[in-house]
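The values are calculated or read from the model by the stated rules, or taken from the named source; none is laboratory data. What you see is a predicted model; the values in this text were computed from it and never measured. Quick reminder, even Gly has a Cβ in these numbers, built from the backbone with ideal geometry, and neighbours come from all protein chains shown. To get the accessible areas, we keep the full protein, side chains included, count just its heavy atoms, and leave off ligands, DNA and RNA. Shrake-Rupley method; radii C 1.70, N 1.55, O 1.52, S 1.80 Å.
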Amino acid sequence: MYVAVKGGERAIEAAHDWLAEERRGNPEVPELSIAQIREQMALAVNRVMAEGSLYDPDLAALAIKQARGDLIEAVFLIRAYRTTLPRFGGSVPVETDKMALIRRISATFKDAPGGQVLGPTFDYTHRLLDFKLMAEGAASQAQTRDAAPEPAPHILQLLDRDGLMEPQPRHDSTPPDLTRAPLELPATRPLRLQALTRGDEGFVLSMAYSTQRGYGRTHAFVGELRIGTVAVEMDIPELGFAVEIGEVELTECETVNQFTGSKTEPPQFTRGYGLVFGQSERKAISMSLVDRALRWKELGEEDTGAPAQDEEFVLYHCDNIQATGFLEHIKLPHYVDFQSELELIRRLRAEAQATAAHQEAAE
Amino acid sequence: MSTHLTGGFTDAPTQSARAFRTVLEALARPGQIGTLAGATPPAPLSPAAGALLLTLADQTTPVYLAPLHDTAEIRGWITFHTGAPFVTPEEAVFALGHWAELPLSRLSAGTAEYPDRAASVIVETDALAPANARLTGPGIATQTTARLPETAFFQSNRSLFPLGLDFYFTCGDQVLGLPRSTRVEAL
Amino acid sequence: MNAPHHDPDYNFAYLDEQTKRMIRRAILKGIAVPGYQVPFASREMPMPYGWGTGGVQVTAACLVPEDRLKVIDQGADDTTNAVSIRRFFQRTAGVEATEKTTEASVIQTRHRIPETPLTEGQILVYQVPIPEPLRFLEPRESETRRMHALADYGLMHVKLYEDIARHGAIATSYAYPVEVEGRYVMDPSPIPKFDNPKLGGNPAIQLFGAGREQRIYALPPYTAVRSLDFEDYPFEPSKANHDCDLCGASGSYLDEVITDDQGSRMFVCSDTDYCETRRNAGHRGRLSPEEAR
C-alpha cells in the first residue's frame, strides 16, 4: 500500500506517548520536582527565563522538565505560553543602582564605593569534578555577614562626573517591543537591546568573542558587572502613584570602551550595555560587547564589515526559536519540490547528453 | 445609562470573525455588497461602520472622525469598545465620515517602501445603488459596477498605485469595498 | 452529526482578539496591494517556526465557526504536519475538517495548489518559509525592500538569464517567481512550478503567511499573475512524464515512489483527494489492483 511517509494521527500519538515515557526515564529513579529544578538548576532556569522573555522561575523549571533538559525547547515552551498572556501594561523603569546586590565587580577600579562583592561565582573555582556531589545530603553553608549598609552607585557614574564618559541622556519614551511589532531596520538601540537580551546565549557569546578577536574590535573593559534583585513597580492610574508588584533578579553589565574620537565625537569613554534576567553574567557581558559593536554608526566609527557590526545580520539571526524552527523544518516532507528538481535535472542531463551526441556525430 | 456601553459585539471572537470574513470578501471582490450585522452604534454611525471598527480598530489604530461623526456619543462608543485614539487626518489609520467631509488629501497614502501604511477610509453613504461606475481590476473576473460618490478621485487614487487609499462604503448594515487597485470609469 | 466545539481553555481559533485584529488588518492591506509583502507582528505559536506558523496565524484570523477546513502538506491530507495543524484547529476553533477540496471553505496548504479548481467563497492559505523572492539574490532586507519600492527587478531577470546561458533553461523548478498585476514580483511559496498557472485568475482568495519572516501577502480573486520568463524562453510548467498509476490521471502533479531496491517506481497523484475522487468514480491506473479494474 502507498503509505511511505504518511504517518497520520496514530503515529503522532504513539510518538508522543513514547516521548513521555522517555522523559520520565527509569521509574526506579525518583522523579525530579519543579522545586528541585528551580533551586538546583537555577542557572538553566535563568537562561530559559532570559531567552523566553518571561520572568517566572517555576514555569521555566517546568519547561526544563517537560523539555527533558533541552533548554532551547524549554525556551520555546515559555515563549509560546508568554504569547497567550494578556498585557496589563508596562512597568516603570527598574532602578538598577538600587539593586540588592549578591555580586558586583569592576575590572576598571581596584575598589569603589560599595566595594567589590564576589558573590556566588564560578570564578577562581578550579574546574575539578567534585565527586562529593555524587553523594547526597552534602549541603554546605557559606559564611554570612550583615548586608552592606553603604550604597553602591553605578561605577560608570564616577567617570561620568569627570566628563570622561559619553553622556547618556535619560529617555522616558516607551521602548519598542519586537514581540508586538514587526522588526524594522534600521533598529533603535532599545530594540537592539531587547533582541540581544532574548537572543541565544551561544550566538551572542560568539558575536562578542569575534569582536575581541578583531572583527569589529571595541576595546572593552568590564566597568561594572552587578547581579541582584530589583523592585518592579507599575503606575496605577487610579491611585496616581506607582506600586511595587514584585521583584526580579537581574544581571547588568556596563563596559567601558576606549574611544579615540571620530569626526563627530570627541575622545571619551563609551559604553556597551547588557541587562539580562537572572544570574546570567556570560550573557550580560556578551550582550554589552555586541551592543557596543552595533553602535558604530551613531559614534561615527568605521564599518569594517565585521559580523558583529551588522545590525541586520545580528538581529535576524540571534533568536534561537526562529533559528531552530527553520533549521528543523527541513525534516518535514519536501518530496513535491524534490520531484520538481528531479524532473529538471533529468531534463537538463538529457539535453546535455543529446547535445554531446549531436556534436560527436558531427565530428 | 450611557449609550456607549452598549451596542458592541456580544460574542466578540465569533462575531468579529464573521464580520472580518464579510469585510475580506468585500475588499477582495470590489463592487460586491456584504452584510455586516451585530453592532448597534449611536447615530449617525451606521451598523456596518460600527461593525468595521469593532472588527479592525484598537488602541494601535488611530481614528479620524469627520465633523458630522465627531460627536461625544460616537467618540465614547469607539473609545469604550475599541480603545482607538482620535487623531488628525494625517495620523489616521482609519478615517470615517461622509464623502464631502473627508479630507482625503490629508490622509496617508503609504510610502513607496511601506505602501501598507495607507489609511483605510470608511465612507458613510445614503445608498449603494443604483450603480454609476464600472470597476475592473484585481478581485473582478471581467468587470462589475458600483455606486460611487464620483469617479475622478478614484482614478487619481489608482494612479498612485501601489500607494493609495482603500475604501469601505457603508450604508445601514451593508458594506462595499474599493481597494486602491481598482480601476474606475463613469458609466 | 454533532457540530464540534472549540476547547473552552483557549480563545476561539487560539489567538487573542487583538492579535487577530492586527493580522486581519495586514491581510486587508495585502488584498489592497496584491503581491506586496505586508509586515506583521507574527506571534510565537505553539508549533515551531518553519512548520506553518504564518499559515496558521492567517487561518486563525480567517476562520469562522461555520468553516470546513482542509489542511494539506505536499498535496496530501494525511501527512504528519497536515494532521497536526488540522487537529490544532479542530481543538481550538471547533471547526469541521474535510479532506474534500470541493467541500472546504478554507484550505491551508504547504507546497501545493489542489488539482480540483477552486471556487468563489473559498480561501487558500499558503505556508511560506521565505516570502522574499529576491532573498537568495540579495540577503539584505533593507536592500530588497528598496528594490520592491522602485520595482527594480533587474537582479531577478539577470539571474534567470544567467540560468538560460548556463543550462539552456531556467533552473528553478519550485518557488518559481511571479509578477503580480504588472507590479510586484512575488514568491508563490515552494509550490512546484507546475502549479504556477493556477495562481492567476483564480476565483478563490489566496493568502500567504510567513510567520518567522513576519510577512503576509495576498492575491485577490482573478488577479493577473505571470510567471517570469523571456519571449524566447517561455515559462513551462512541468511534471513527471507519466500518468498516475492509481487513477490514470494524465494532467495531475505526480509523486515518484520507489517501490523496491531494484529501481522500480510508481507515479501517483500528489493530491490525495483528487486521486481518491477519481478512483471512486471508476478511473483506474497501470498498477490498480486487478479486481478494481
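Observations on the structure shown:
- The set of residues from the range C:80-112 being within 19 Å of C:Cys275 (Cβ to Cβ), outside any strand (DSSP E or B) and away from chain A (no Cβ under 11 Å) comprises C:Thr98, C:Glu99, C:Lys100, C:Thr101, C:Thr102, C:Glu103, C:Ala104.
- Residues that are open to solvent by 20 Å² or more (accessible area, probe 1.4 Å) and out of contact with any Gly (no Cβ under 6 Å at 6 or more places or on another chain), drawn from the range C:78-101: C:Ser84, C:Arg86, C:Arg87, C:Phe88, C:Gln90, C:Arg91, C:Glu96, C:Ala97, C:Glu99, C:Lys100
- Residue that is most open to solvent (accessible area, probe 1.4 Å) [pool: residues in the range B:83-114 that are part of a helix (DSSP H, G or I) and of a type in the set (Asp, Glu)]: B:Glu91
- Criterion violated by A:Ile285 - all others in (1) more than 12 Å from the chain's Cα centre (by Cα); (2) open to solvent by 40 Å² or more (accessible area, probe 1.4 Å) satisfied: (1)
- Subset of the range B:6-54 (residues that are assigned to a helix (DSSP H, G or I), more than 10 Å from chain C (Cβ to nearest Cβ) and in contact with a His (Cβ under 9 Å, 6 or more places away or on another chain)): B:Ala49, B:Gly50, B:Leu53
Residue-by-condition table, conditions (1) of a type in the set (A, V, I, L, M, F, W, C); (2) at pLDDT 95 or above; (3) surrounded by 14 or more Cβ atoms within 10 Å (Cβ to Cβ):
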{"site": "A:Ser173", "(1), (2), (3)": "no, no, no"}
{"site": "A:Leu185", "(1), (2), (3)": "yes, no, no"}
{"site": "A:Asp200", "(1), (2), (3)": "no, yes, yes"}
{"site": "A:His219", "(1), (2), (3)": "no, no, yes"}
{"site": "A:Ile236", "(1), (2), (3)": "yes, no, no"}
{"site": "A:Gly240", "(1), (2), (3)": "no, no, no"}
{"site": "A:Val248", "(1), (2), (3)": "yes, yes, yes"}
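- Here is the figure for the range B:49-72: residues that are surrounded by fewer than 24 Cβ atoms within 10 Å (Cβ to Cβ) and of a type in the set (Ser, Thr, Tyr) total 3.
- Test result for A:Leu129, over 20 Å from A:Arg282 (Cβ atoms) and touching a Phe, Trp or Tyr at 6+ places or on another chain (Cβ under 7 Å): no
- Every listed requirement among (1) over 16 Å from the mean Cα position of the chain (by Cα); (2) buried (at least 16 other Cβ atoms within 10 Å of the Cβ); (3) aliphatic (A, V, I, L, M) is met by B:Ala43 save one, (2).
- Within the range A:123-134, the residues that satisfy the criterion of being more than 22 Å from A:Ala152 (Cβ to Cβ) and open to solvent by 100 Å² or more (accessible area, probe 1.4 Å) are A:His126, A:Arg127, A:Leu128, A:Leu129, A:Phe131, A:Lys132, A:Leu133, A:Met134.
- Residue under evaluation C:Ser238, criteria (1) more than 13 Å from chain A (Cβ to nearest Cβ); (2) small (Gly, Ala, Ser); (3) closer than 30 Å to C:Gly54 by Cβ; (4) not in a strand (DSSP E or B), criterion not met: (1)
- Condition met for C:Asp232 (in contact with a strand residue (DSSP E or B) (Cβ under 8 Å, 6 or more places away or on another chain) and open to solvent by 70 Å² or more (accessible area, probe 1.4 Å)): no
- Exclusive hit being more than 14 Å from chain C (Cβ to nearest Cβ) and open to solvent by 10 Å² or more (accessible area, probe 1.4 Å), set B:Arg158, B:Arg183, B:Arg147, B:Arg117: B:Arg147
- Of everything listed in (1) under 24 Å from A:Gly261 (Cα atoms); (2) free of Cβ contacts under 8 Å to residues at least 12 places away in the same chain, the single unmet condition for A:Pro182 is (1).
- Taking the range C:271-291 as the range and being in a helix (DSSP H, G or I) and either hydroxyl-bearing (Ser, Thr, Tyr) or open to solvent by less than 60 Å² (accessible area, probe 1.4 Å) (or both) as the test, the residues that pass are C:Thr272, C:Asp273, C:Tyr274, C:Cys275, C:Thr277, C:Arg278.
- A:Arg295 fulfils the conditions (1) within 25 Å of C:Thr53 (Cβ to Cβ); (2) of a type outside the set (Ser, Thr, Tyr); (3) surrounded by 15 or more Cβ atoms within 10 Å (Cβ to Cβ) except for a single criterion, (1).
- Among the candidates A:Ala63, A:Ala100, A:Ala80, A:Ala14, the residue that is aliphatic (A, V, I, L, M), open to solvent by 50 Å² or more (accessible area, probe 1.4 Å) and within 14 Å of another protein chain (Cβ to nearest Cβ) is uniquely A:Ala14.
- Among residues of the range C:114-131, those that are more than 11 Å from chain A (Cβ to nearest Cβ) and either of a type in the set (Ser, Thr, Tyr) or in contact with a strand residue (DSSP E or B) (Cβ under 8 Å, 6 or more places away or on another chain) (or both), counted: 12
- Applying the set (1) surrounded by fewer than 20 Cβ atoms within 10 Å (Cβ to Cβ); (2) over 28 Å from C:Leu15 (Cβ atoms); (3) touching a residue at least 12 places away in the same chain (Cβ under 8 Å) to B:Phe80 leaves exactly one unmet item: (2).
- Test: residue in the range C:15-28 that is under 18 Å from B:Gly177 (Cα atoms), β-branched (Val, Ile, Thr) and open to solvent by less than 10 Å² (accessible area, probe 1.4 Å): yes
- Hits in the range C:20-60 - residues which are more than 8 Å from every other protein chain (Cβ to nearest Cβ) and over 20 Å from A:His329 (Cβ atoms): C:Ile23, C:Gly35
- Considering residues of the range A:185-213 that are touching a residue at least 12 places away in the same chain (Cβ under 8 Å) and not in a helix (DSSP H, G or I) only, the residue nearest to the other protein chains (Cβ to nearest Cβ): A:Leu185
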